[in-house]
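Undergrad: Take a look at this one; I'll ask things after.
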Amino acid sequence: METQRYGLIGEHLGHSFSKSIHEQLADYTYDLIELAPQQLAPFFAGRQFAALNVTIPYKEAVLPLLDEVDPRAAEIGAVNTVVNRGGKLTGYNTDYDGVDYLLHRHGILLGGRVVMILGTGGTSKTCAALARAKGAKEVLLVSRSGKGGALTYHDAAMRRDVQVLLNTTPCGMYPDNDGLPMDPALFPRLEAAADVVYNPLQTAFVLRALDLGLPAAGGLEMLVAQAKTAAELFLGRPLPDEEIGRVHRRLQAERANCVLIAMPGAGKTTVGGRAARMLGKTFVDTDDEITAYAGRTPAQIIEQDGEAAFREIESRVIAEIAKKGGQLIATGGGAVTRAENMRRLRQNGVILFIDRELSLLATSGRPLSRDFEALRQRYIERYPLYNRYCDLKLDNDETIETAARRVEEAFYAYFGA
Ligand SMILES: Nc1ncnc2c1ncn2[C@@H]1O[C@H](COP(=O)(O)OP(=O)(O)O)[C@@H](O)[C@H]1O
Ligand SMILES: O=C(O)C1=C[C@@H](OP(=O)(O)O)[C@@H](O)[C@H](O)C1
Ligand SMILES: [Mg+2]
């Protein structure tokens, strides 16, 4: 019975999406199997599994424990998939297929290009093998130490000819969400960038490249694509390529935050609470979180310490909230006044502007909306910001229920889920 077991081995698997992905792709049960380093060899010797995925820190360590290694995995020197066929263990590297899919999907070409790869670990080797196979003009590796033929970050920044930039380091990964391994803007000939990090959904690195108008992609599609190839090896039969898109869209809709922006009194809190229930998301109101953090309401902070002090606290609180996924976030009306807030909220979120006419905006309990002229002035200042930062815009000009339904529909439509 035990040899029917499927799953993922690694040291710490708490946050892994692999169980959800595999169980959407196939009908086996997929276990997350945490192993301490000394458990690895006995686990393999026992052979009590049908097939496995392997993650950090065991992708290289499993090599000597296998009977056979697929030539590509051997070339890369890392295995992420093991299949047990009648007691004989064969290792594969489907991360390669995952990166290949990701780049192809986003139209990122490596052939004839100068490709720079940040990091020198297992995924870096996978990307380098792919770049060579695609006929890259040059493959540059970058590491902090600059050992083993890699460039240091300092020297890497001098290379004006880089055309494709790939991040394989954990820089920018949760909870280091502000981390930027390298600024894509340093490279005048850059055509595209990709990041293998998938939490957040769009790293600071990916967002920076997108802001430069370049094609750029985060690692979630790669994760799904490598799982699809692994599932094919597990099952011994092909799965349709469309499965990758289907699972990816669902996973995105599940993980992404739905972020509401709008003028104070436009209905972010009220509509958001209802839309959160419809979307099955955790409702988070940044003003409530500020109250919990500071022990005073936003109105009290503004009255006692002024608006600037409030904005500081608001940014700190938003930075923490924005790191997590699966939430509906109702912001305060002034969140858009700081670009850093919106940059952080974008990492995991889709931004929805729920527009409500100036004359309909609620004003009670809002110190900044006390006199109409002040409110009108803010409306004029902020209206372009809500438009600039939103991915989607909808009107809150009927009932609260209707607005909530519009939020739900727009959010799913955004992901095609
Ligand atoms: N479509 C709507 N119809 C009627 N009242 C609404 C509508 N949208 C919002 N409101 C009301 O406006 C007030 C302000 O809403 P709130 O959610 O607190 O706004 P915000 O969080 O954007 O400041 C609440 O009393 C809410 O019930
Ligand atoms: O617009 C603003 O500057 C503010 C809006 C309020 O939130 P709501 O938009 O939910 O009213 C609250 O964050 C604070 O009073 C400041
Ligand atoms: Mg509110």
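Undergrad: Relative contact order for region 256-412: what percent, with Cα pairs under 8 Å and sequence separation of 6 or more?
TA: 36
Undergrad: A further question on this structure: Do you know the relative contact order of region 78-178, to the nearest whole percent, from alpha carbon pairs under 8 angstrom that are 6+ apart?
TA: Dividing the mean separation by the residue count of region 78-178 yields 25 percent.
Undergrad: Below 8 Å between Cα atoms, with a sequence gap of 6+, how large is the relative contact order for the chain in percent?
TA: Averaging sequence separation for qualifying contacts and normalising by length gives 12 percent for the chain.
Undergrad: Put a dot 7 Å past each Cα toward the Cβ at L180 and Q24; how far apart are the dots in nm?
TA: 3.1
Undergrad: Residues with beta-carbon under 11 Å from that of I321, excluding I321: net charge, scoring Lys, Arg +1 and Asp, Glu -1?
TA: Charge balance in the 11 Å sphere: -1.
Undergrad: Running Debye on region 256-412 with equal point scatterers at the Cα sites and no solvent, what base-10 log of I(q)/I(0) appears at q = 0.08, 0.10, 0.12, 0.13 Å⁻¹?
TA: Here log10 of I(q) over I(0) equals -0.19, -0.31, -0.45, -0.54.
Undergrad: In region 229-319, what percent of the accessible surface is made up of carbon and sulfur (1.4 Å probe, ligands and nucleic acids excluded)?
TA: Accessible surface attributable to carbon and sulfur in region 229-319 totals 48 percent.
Undergrad: Between R237 and Q38, what is the FRET efficiency for a Förster distance of 60 Å, r being their Cβ-Cβ separation, to the nearest 0.05?
TA: The formula returns an efficiency of 0.95 here.
Undergrad: Please find the FRET efficiency linking A374 to E409, where r is the Cβ-Cβ separation and R0 is fixed at 30 Å, and quote it to the nearest 0.05.
TA: E between A374 and E409, to the nearest 0.05, is 0.30.
Undergrad: Would you mind checking the tilt of helix 307-323 against the longest principal axis of the Cα atoms of the chain, expressed as 0 to 90 degrees and rounded to 10?
TA: 30
Undergrad: Taking the 0 to 90 degree range and rounding to the nearest ten, how far is the long axis of helix 339-348 tilted relative to the main principal axis of the chain, both from C-alpha atoms?
TA: Approximately 50 degrees, to the nearest ten.
Undergrad: Here is a further query. Please name whichever of G148, Q4, T90 sits farthest to the positive end of the charge dipole of the chain, dipole taken about the Cα centre and charges placed at Cβ: Lys and Arg +1, Asp and Glu -1.
TA: The one lying farthest along the dipole's positive direction is G148.
Undergrad: Moving to a separate point now. Which order, highest average first, do 284-297, 36-49, 325-338, 85-98 follow once you tally other Cβ atoms within 10 Å for each residue and take the mean per peptide?
TA: 325-338, 85-98, 284-297, 36-49
Undergrad: I've got another one for you. Give me the number: length gained by fully extending E191 to H15, i.e. 0.36 nm times residue separation minus the C-alpha to C-alpha distance, one decimal in nm.
TA: Taking E191 through H15 to full extension adds about 60.1 nm, to one decimal.
Undergrad: Hey, another quick one. Give, to the nearest whole percent, the P(r) tail of region 228-268 beyond 12 angstrom, counting all Cα pairs.
TA: Summing the P(r) tail past 12 Å for region 228-268 gives 70 percent.
Undergrad: Can you work out the accessible area per residue across region 256-412, with the rest of the protein chains kept in place, probe 1.4 Å, in square angstrom?
TA: That works out to 43 Å² for each residue.
Undergrad: Oh, and also: Enter the angle in degrees (range 0 to 90, nearest 10) between the Cα long axis of helix 372-389 and the first principal axis of the Cα atoms of the chain, meaning the one along which they spread out most.
TA: With both axes taken from Cα atoms, the answer is about 20 degrees.
Undergrad: Full-extension gain between A309 and T282, please, as 0.36 nm times their residue separation minus the C-alpha to C-alpha distance.
TA: Going from the current span to full extension adds 6.9 nm.
Undergrad: How high is the FRET efficiency between L63 and E340 when r is their beta carbon distance and R₀ equals 51 Å, given to the nearest 0.05?
TA: E(calc), rounded to 0.05, equals 0.70.
Undergrad: Right, next: How much length is gained on full extension from R316 to Y293, taking 0.36 nm per residue of separation minus their Cα-Cα distance?
TA: 7.3 nm
Undergrad: Something else: Per residue of region 405-417, in order, report the coupling 6.51 cos²θ - 1.76 cosθ + 1.60 (Karplus, θ = phi - 60°) as ³J(HN,Hα) in whole Hz, putting x for Gly and Pro.
TA: Coupling constants for region 405-417: 5, 5, 4, 4, 5, 5, 5, 5, 4, 4, 8, x, 9 Hz.
Undergrad: Here is a follow-up. Rank by packing, highest mean first: peptides 254-266, 347-359, with packing defined as the count of other Cβ atoms within 10 Å averaged across residues.
TA: Final packing ranking: 254-266, 347-359.
Undergrad: Can I ask one more? Quick one: if you stick a label point 7 Å off each Cα along the C-beta vector at K88 and I400, how many nm between them?
TA: 6.7
Undergrad: For a quick check: with amide H placed at 1.01 Å from N, whose amide H comes under 5 Å from V69's, ignoring anything fewer than 5 positions away on the same chain?
TA: For V69, the qualifying residues are G91.
Undergrad: Which of the pairs K59/K147; K228/K323; K59/K88; K19/K323; K59/K228; K88/K228 have their Cα atoms more than 25 Å apart in this structure?
TA: Beyond 25 Å between Cα atoms: K228/K323.
Undergrad: Do the sum for the chain: with -39,500 (n - 2.57) for every DSSP H run of n ≥ 4, divided by all residues, what is the mean residue ellipticity at 222 nm, to the nearest 500 deg cm²/dmol?
TA: -13000 deg cm²/dmol
Undergrad: Starting from the Cα of Q48, step 7 Å toward the Cβ, then list every residue of region 89-119 with an amide N under 19 Å from that point.
TA: 89
Undergrad: Taking the convex hull of the alpha carbon atoms in the chain, what volume per residue do you get, in Å³?
TA: Given the Cα convex hull of the chain, per-residue volume reads 160 Å³.
The values are calculated or read from the model by the stated rules, or taken from the named source; none is laboratory data. Quick caveat, the model's predicted, so the values are computed rather than measured. Glycine gets a Cβ as well: all are built from the backbone with ideal geometry, and neighbour counts include every protein chain shown. To get the accessible areas, we keep the full protein, side chains included, count just its heavy atoms, and leave off ligands, DNA and RNA. Shrake-Rupley method; radii C 1.70, N 1.55, O 1.52, S 1.80 Å.
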